[in-house]
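Data first, discussion second: the structure below is written as structure tokens.
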Amino acid sequence: MTLLDQQIRERFAAAQRIAVISHIRPDGDAIGSVLGLGTALQEAGKDVQFVLADGISAVYRFLKNAGLAQKEISGEIDLAVVVDCSDLERTGGVLGERQPEMNIDHHVTNLHYAQVNLVEDSAATAEIIAKHLPQWGLPFSRETAEALLTGILTDTIGFRTSNVSAETLHTAASLMEHGIDMPDIYHRVLVERTYEAVRLWGRGIDKLQRMDSILWGVLTAEDRKAAAYPGKDDAELISLLSSVRDADVAVLFIEQDAQHVKVSWRARPGFDVSRAALHFGGGGHAPAAGATIEGTLEEVIPRVLDETKQVIEQKKTG
């Protein structure tokens, strides 16, 4: 056992009231990591709060404890654990002025903001938790395994991202040994779409543009309203754009309100779009990154495309 694992084990053992927290607009890895780790702690006899400022979407309600998710911390806690979150701003302010005791993440852009930081270059934060959970002295039930496998599946888009390793596949296989039906999870989180999500895709696809090897699109607040889509996310449209042939980088602009735009980047192997995201105060990985930028669509789009073009030019010039 490493010294870091020992420190984490001791902190979990000493705490009784624990909040497990992740980022705003949570994806499958954030949700799977919160529910997976939180469920293991709960089964170890801890009083656990599952905290996600924006809640959990209906897609993930099949996971145990999804119905217990809350949007803020309630009362006093002994331990705050932030998972799958590269900086504290992305927690949505649920911690207030409190510094979290623990930070578990796989983003290379992580700011190491906690007292104890476990940051590893893995395909998903859920993969890190799955690998270390036995070292922390926590139980590993079927429900915990199901949440963690969901996190790995979604963040790798079904093992299709360039950061998937043999270890990732071994970890997924070990989770399946707990009796998990992976094809069922795959269908639930990666194949099924709501009618409203598909309508939103249609509006976004209709406006696609290409600039050299950059494919980019826009989803406006009006698009969401017309499609009757309830969230402020892209319904995973960016994953579809990343599959377009001859595009080195796909960029999607999602209008949040009149003065904020969420930007998602996806890139082919060899291109590092995390540089562009960092330039705008965001983060992520070389092949997948994001940022929320202040400004209107008209202001943000040219700035982001210019920075993205520089990333491509730097790669091509060595």
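Can you say whether Gly92 is assigned by TED's automatic domain parsing to the domain that holds Ile104 and under 20 Å from Gly281 (Cα atoms), as far as the supplied structure shows?
Yes, satisfied.
Kindly indicate which of Leu200, Leu169, Leu148 is touching a strand residue (DSSP E or B) at 6+ places or on another chain (Cβ under 8 Å) and not small (Gly, Ala, Ser).
Criteria check complete, one pass: Leu200.
Quick one: Ala277 ticks every box in (1) farther than 12 Å from Phe253 by Cβ; (2) touching a helix residue (DSSP H, G or I) at 6+ places or on another chain (Cβ under 8 Å); (3) crowded, with 20+ Cβ neighbours inside 10 Å; (4) at pLDDT 90 or above bar one, so which box is it?
Of everything listed in (1) farther than 12 Å from Phe253 by Cβ; (2) touching a helix residue (DSSP H, G or I) at 6+ places or on another chain (Cβ under 8 Å); (3) crowded, with 20+ Cβ neighbours inside 10 Å; (4) at pLDDT 90 or above, Ala277 misses just condition (2).
Of the residues that make up the stretch 86-101, is at least one surrounded by 23 or more Cβ atoms within 10 Å (Cβ to Cβ), touching a helix residue (DSSP H, G or I) at 6+ places or on another chain (Cβ under 7 Å) and either at positive phi or among the acidic types (Asp, Glu) (or both)?
Within the stretch 86-101 (the criterion being surrounded by 23 or more Cβ atoms within 10 Å (Cβ to Cβ), touching a helix residue (DSSP H, G or I) at 6+ places or on another chain (Cβ under 7 Å) and either at positive phi or among the acidic types (Asp, Glu) (or both)), the answer is no, since none of the residues qualifies.
One line per residue, one yes/no per condition, for (1) in a loop (DSSP other than H, G, I, E, B); (2) not assigned by TED's automatic domain parsing to the domain that holds Lys232:
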site	(1), (2)
Asn163	yes, yes
Ile185	no, yes
Leu200	no, no
Gly204	no, no
Val218	no, no
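Just to be sure before I move on: is Thr156 of a type outside the set (D, E, K, R), crowded, with 19+ Cβ neighbours inside 10 Å and touching a Ser or Thr at 6+ places or on another chain (Cβ under 9 Å) in the structure I sent? I'd like the intermediate steps shown before the answer.
Details: of a type outside the set (D, E, K, R): yes; crowded, with 19+ Cβ neighbours inside 10 Å: yes; touching a Ser or Thr at 6+ places or on another chain (Cβ under 9 Å): yes.
Taking the combined requirement at face value, the residue satisfies it.
Against the condition free of Cβ contacts under 8 Å to residues at least 60 places away in the same chain, within 21 Å of Gln7 (Cβ to Cβ) and in the same structural domain as Leu52 (by TED's automatic domain parsing), how does Leu118 come out, does it pass?
For Leu118, the condition - free of Cβ contacts under 8 Å to residues at least 60 places away in the same chain, within 21 Å of Gln7 (Cβ to Cβ) and in the same structural domain as Leu52 (by TED's automatic domain parsing) - is not met.
Has the stretch 218-225 got at least one residue that is surrounded by fewer than 18 Cβ atoms within 10 Å (Cβ to Cβ) and within 29 Å of Val119 (Cβ to Cβ)?
No, every residue in the stretch 218-225 fails to be surrounded by fewer than 18 Cβ atoms within 10 Å (Cβ to Cβ) and within 29 Å of Val119 (Cβ to Cβ).
Filter the stretch 27-59 down to residues that are touching a residue at least 40 places away in the same chain (Cβ under 8 Å), under 16 Å from the mean Cα position of the chain (by Cα) and buried (at least 24 other Cβ atoms within 10 Å of the Cβ), then give me how many there are.
11
Go through (1) within 23 Å of Thr39 (Cβ to Cβ); (2) touching a Leu at 6+ places or on another chain (Cβ under 9 Å); (3) without any contact (Cβ under 8 Å) to a residue 24 or more places away in the chain one by one and return the number of the condition Gln99 breaks.
(1)
If only one of Ser74, Ser57, Ser33 is within 25 Å of Gly158 (Cα to Cα) and either touching a strand residue (DSSP E or B) at 6+ places or on another chain (Cβ under 9 Å) or assigned by TED's automatic domain parsing to the domain that holds Gly284 (or both), which one is it? Full working, then the answer.
Working: Ser74 fails: within 25 Å of Gly158 (Cα to Cα); Ser57 fails: either touching a strand residue (DSSP E or B) at 6+ places or on another chain (Cβ under 9 Å) or assigned by TED's automatic domain parsing to the domain that holds Gly284 (or both).
One residue alone meets the criteria, Ser33.
What is the residue count in the stretch 227-255 for residues that are crowded, with 22+ Cβ neighbours inside 10 Å, acidic (Asp, Glu) and in contact with a Leu (Cβ under 8 Å, 6 or more places away or on another chain)?
1
I'd like the full set of residues that are more than 21 Å from Gly55 (Cα to Cα) and modelled with pLDDT of 95 or more, limited to the stretch 103-121.
His106, His112, Tyr113, Ala114, Gln115, Val116, Asn117, Leu118, Val119, Glu120
Being over 27 Å from Ile180 (Cβ atoms) and charged (D, E, K, R) narrows it down to one residue among Glu43, Glu10; which is it?
Glu10
The values are calculated or read from the model by the stated rules, or taken from the named source; none is laboratory data. Model, not experiment: these values are computed from the prediction. Cβ atoms come from the backbone with ideal geometry, glycine included; neighbour counts cover every protein chain shown.
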